[in-house]
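Okay, so here's the structure we're looking at.
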Protein chains: 2
Amino acid sequence: MAVNTRSDAQRSRVLLVDGVHTLLRTGRVGFSIPELAAVSGVGVATAYRHFPTPQDAMAAFHRRAITQLLEAFSQIGPGDPNIGPRGDSLDRFRLFCAAWVEQSMQWGSAVRYIRSSSGFIERLAGGDEAITDLHDILAGVLAALVDDGRAPDLDITYAVLLWITIFDERVVYDLAEHRRWSAAEICEHLTRAVAGALGVGGGVPRG
Amino acid sequence: MAVNTRSDAQRSRVLLVDGVHTLLRTGRVGFSIPELAAVSGVGVATAYRHFPTPQDAMAAFHRRAITQLLEAFSQIGPGDPNIGPRGDSLDRFRLFCAAWVEQSMQWGSAVRYIRSSSGFIERLAGGDEAITDLHDILAGVLAALVDDGRAPDLDITYAVLLWITIFDERVVYDLAEHRRWSAAEICEHLTRAVAGALGVGGGVPRG
């Protein structure tokens, strides 16, 4: 058997992580590595080489979801055409909310099965890298609201905790699948909820 | 071996459910029934008779936590000495928040391990009895706020979803254990967050 080239290995890994998504989305939480291999169209030995246990595979899927979220956030720059000349911090906050809902619509129904039982502040204190990155980028958005006088002087880490709590993937999944709300409706409601919870001044305009 | 009397059986069951609490609180999520029996001071055969699988035992613990929460809520009557002659609906809302945090402080660190991956609206639509009872009692509190003009015309089920999302046991656990906030501090912050998220008029007074 030929040794995989680096790009073959990367391709297998992507297929396997896609496979985790497929399995979880359809509620098959207790899958085995051979099942994952079959769903992913990858050999069983290759699958075990990438992921010795299903937990490893689920962790990789979870990491990829957070990485994609962070990438979506990083594309919201000060130069974004949707950020007006005034009220930049509030526009930016709204664009983050919209990007988050759009991402959650893609993987929320799968990620809800592998939510950590550790708290957000707990994982932050433990040095979890993805959580730290997520905290820092959201903290920047909130700090700008405070600087612009759009929000009261916030306890930033608590404010980030509230934001991620309200934008929970299970909430987005529940509203999308069981209330049949569109991404726009979910975004409008949850953005207003976070703005209200944090006392973001003047609230977030409708539509 | 003598057949247990009914009260012996009830006593064993209480001990076993207490045992689940002890195991989960200390992070021993993958426990076996013999381990549960040992921690609970109950015979292994008795333990299996009550709970064929650890999942059954965890479900019983989860049910008991929700039942205790509902009992705490049911004790908040219109005759509660903390409900003033005016502003009854707002006082009642605040007392519900306080009772919820007090309950979560007791079992939140254990319940966070067995959170359902199903959404709240999903479980409500599925006829989950405990979730239906929880929805109905919280919906009553919120409807009273609307009737009194203390809140805008709310989409009540969405409002209940937001309330339970913000009062998530993992949030209470995180703030208590990793921020070292007291029950009073957690209650003050989360009550204000829910009030803000729902647009409860005038907000909730501090202290």
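The values are calculated or read from the model by the stated rules, or taken from the named source; none is laboratory data. Since the structure is predicted, the reported quantities are computational estimates derived from the model, not experimental observations. Backbone-built Cβ (ideal geometry, glycine too); neighbour counts: all protein chains shown.
Results for (1) assigned by TED's automatic domain parsing to the domain that holds A:ARG115; (2) exposed (fewer than 13 other Cβ atoms within 10 Å of the Cβ); (3) small (Gly, Ala, Ser); (4) within 18 Å of A:SER109 (Cβ to Cβ), shown as yes or no for each residue.
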residue: A:ASP8; (1), (2), (3), (4): no, yes, no, no
residue: A:LEU15; (1), (2), (3), (4): no, no, no, no
residue: A:GLY19; (1), (2), (3), (4): no, no, yes, yes
residue: A:LEU24; (1), (2), (3), (4): no, no, no, yes
residue: A:VAL29; (1), (2), (3), (4): no, no, no, yes
residue: A:VAL39; (1), (2), (3), (4): no, no, no, yes
residue: A:VAL42; (1), (2), (3), (4): no, no, no, no
residue: A:ALA47; (1), (2), (3), (4): no, no, yes, no
residue: A:ILE66; (1), (2), (3), (4): yes, no, no, yes
task: Mind listing just one residue for me: the one in region A:102-118 that is in contact (Cβ under 8 Å) with a residue 40 or more places away in the chain and within 8 Å of chain B (Cβ to nearest Cβ) and, of those, surrounded by the most Cβ atoms within 10 Å (Cβ to Cβ)?
output: A:ARG112
field: Check on B:LEU154, surrounded by 17 or more Cβ atoms within 10 Å (Cβ to Cβ), within 20 Å of A:VAL194 (Cβ to Cβ) and at pLDDT below 95
entry: yes
- prompt: In region A:155-171, which residues are within 9 Å of chain B (Cβ to nearest Cβ) and either more than 19 Å from A:ALA110 (Cβ to Cβ) or part of a helix (DSSP H, G or I) (or both)?
  reply: A:ASP155, A:THR157, A:TYR158, A:LEU161, A:LEU162, A:THR165, A:ILE166, A:ARG170, A:VAL171
message: Quick check on region B:119-137: of everything there that is more than 10 Å from every other protein chain (Cβ to nearest Cβ) and outside any helix (DSSP H, G or I), which residue is surrounded by the most Cβ atoms within 10 Å (Cβ to Cβ)?
response: B:ASP128
query: Looking at B:ASP133, B:ASP148, which is the one that is in contact (Cβ under 8 Å) with a residue 60 or more places away in the chain and under 13 Å from the mean Cα position of the chain (by Cα)?
result: B:ASP133
query: What is the number of the single condition among (1) at the interface with chain A (Cβ under 10 Å from one of its Cβ atoms); (2) at positive phi; (3) at pLDDT 95 or above that B:GLY199 does not meet?
result: (3)
- prompt: Hey, among the residues in region B:172-188 that are outside any helix (DSSP H, G or I) and within 12 Å of chain A (Cβ to nearest Cβ), which one's surrounded by the fewest Cβ atoms within 10 Å (Cβ to Cβ)?
  reply: B:ARG180
task: Give region A:13-69 a look and list any residue that's in contact with a helix residue (DSSP H, G or I) (Cβ under 8 Å, 6 or more places away or on another chain), closer than 23 Å to A:GLU169 by Cα, among the polar types (S, T, N, Q) and free of Cβ contacts under 8 Å to residues at least 60 places away in the same chain, or say none.
output: A:THR22, A:GLN68
